[in-house]
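Note sheet for the following structure.
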Ligand code: 5GP
């Protein structure tokens, strides 16, 4: 298979069918814009399986995604999107950079979800940007950005109860979107790498923060999330 792209957590290969790609999920883990590096055993398998499960479930709710099907433990067959250079973060609670930016303690509840836009640019460290910057950088038109916002909020409305039923608080998560034949589609992944997932009862962190913050029990947390998500 021809390797098209290798990122920090995934490899992307061309498939035999034009317009279709194969995503391979790696065990490699990075944090703080690549400054911290390591491996999380079976992370690739957890993230591929979880992404397939959640994207399939979202598609049943009429949210278009790039997923065609899961090929095996680590590989997903997906549509080739024209990616939008944005990271869209939706937050239901205060954590991470929102806590640092606002001074609000982690764990503070939020009445209405907060949506943030980040410019996907490793050299700049993915800075927070606003709607005017999106227009300035030609990342999306105002109409397209409105559709992206609507779609991200709708995904949050579906995912919150999905996780709640499984004893998990969806604190925040990052989405990436792209275009396929004029249609906005959810791309990339939804996994413990891209979400903050806290146990509803104990508030234990069951996500990549265990790696970022050296909390231990990283592999166990990923397996616990997979177990709950696959039910
Ligand atoms: P924060 O801005 O607090 O660091 O992250 C907010 C949420 O978005 C977290 O769930 C985090 O996992 C996710 N997120 C933000 N940027 C990235 C990124 O570049 N890579 C990954 N994997 N997740 C991100």
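The values are calculated or read from the model by the stated rules, or taken from the named source; none is laboratory data. Computed from a predicted structure; not experimentally measured. Positions of Cβ are backbone-derived with ideal geometry, glycine not excepted, and every protein chain shown enters the neighbour counts.
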*Across the stretch 58-74, what is the total count of residues that are over 14 Å from residue 191 (Cβ atoms) and either surrounded by fewer than 20 Cβ atoms within 10 Å (Cβ to Cβ) or without any contact (Cβ under 8 Å) to a residue 24 or more places away in the chain (or both)?*
10
*Selection count, the stretch 77-97, where residues are assigned to a strand (DSSP E or B), within 16 Å of the ligand (Cβ to nearest atom) and under 16 Å from residue 187 (Cα atoms)*: 6
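Against the condition touching a helix residue (DSSP H, G or I) at 6+ places or on another chain (Cβ under 8 Å), more than 15 Å from residue 173 (Cβ to Cβ) and modelled with pLDDT of 95 or more, how does residue 200 come out, does it pass?
So residue 200 fits the description; yes.
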*Going through the stretch 193-212 one residue at a time, which ones are in a strand (DSSP E or B) and either within 13 Å of the ligand (Cβ to nearest atom) or over 21 Å from residue 42 (Cβ atoms) (or both)?*
195, 196, 197, 198, 205
_Residue under question is residue 190, and the condition is that it be within 14 Å of the ligand (Cβ to nearest atom), in a helix (DSSP H, G or I) and in contact (Cβ under 8 Å) with a residue 12 or more places away in the chain; does it hold?_
no
*asked:* Of the conditions (1) more than 14 Å from the ligand (Cβ to nearest atom); (2) touching a strand residue (DSSP E or B) at 6+ places or on another chain (Cβ under 6 Å); (3) without any contact (Cβ under 8 Å) to a residue 60 or more places away in the chain, residue 178 satisfies every one except a single condition; which number is it?
replied: (3)
*Subset of the stretch 1-42 [in contact with a helix residue (DSSP H, G or I) (Cβ under 6 Å, 6 or more places away or on another chain), under 21 Å from residue 67 (Cα atoms) and touching a residue at least 60 places away in the same chain (Cβ under 8 Å)]*: 25
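Here is a yes/no grid of residues against (1) in contact with a helix residue (DSSP H, G or I) (Cβ under 9 Å, 6 or more places away or on another chain); (2) within 21 Å of residue 130 (Cα to Cα); (3) modelled with pLDDT of 95 or more:
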residue	(1), (2), (3)
141	yes, yes, yes
155	yes, yes, yes
161	no, no, yes
182	no, no, yes
187	no, no, yes
195	yes, no, yes
213	no, no, yes
217	yes, no, yes
_Considering residues of the stretch 155-187 that are outside any strand (DSSP E or B) and under 13 Å from the mean Cα position of the chain (by Cα) only, the residue nearest to residue 91 (Cα to Cα)_ = 156
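I'd like the full set of residues that are without any contact (Cβ under 8 Å) to a residue 12 or more places away in the chain, within 15 Å of residue 184 (Cβ to Cβ) and part of a loop (DSSP other than H, G, I, E, B), limited to the stretch 111-154. Give the steps one after another, and end with the answer.
In the first step, residues of the stretch 111-154 are kept if they are without any contact (Cβ under 8 Å) to a residue 12 or more places away in the chain; the result is 111-112, 123-124, 127, 132, 135-136, 138, 141-143, 146, 150.
Subset that is within 15 Å of residue 184 (Cβ to Cβ): 141-143, 146, 150.
The answer is 141, and nothing else.
For every residue, the table says whether it meets (1) within 14 Å of the ligand (Cβ to nearest atom); (2) within 16 Å of the chain's Cα centre (by Cα); (3) surrounded by fewer than 18 Cβ atoms within 10 Å (Cβ to Cβ); (4) closer than 24 Å to residue 6 by Cβ.
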{"residue": "35", "(1), (2), (3), (4)": "yes, no, yes, yes"}
{"residue": "46", "(1), (2), (3), (4)": "yes, yes, no, yes"}
{"residue": "99", "(1), (2), (3), (4)": "yes, no, yes, no"}
{"residue": "111", "(1), (2), (3), (4)": "no, no, yes, no"}
{"residue": "125", "(1), (2), (3), (4)": "yes, no, yes, yes"}
{"residue": "130", "(1), (2), (3), (4)": "no, no, yes, no"}
*Applying the selection to the stretch 1-33, what residues are part of a loop (DSSP other than H, G, I, E, B) and either closer than 23 Å to residue 124 by Cα or more than 15 Å from the ligand (Cβ to nearest atom) (or both)?*
1, 2, 7, 8, 9, 15, 16, 17, 18, 19, 32, 33
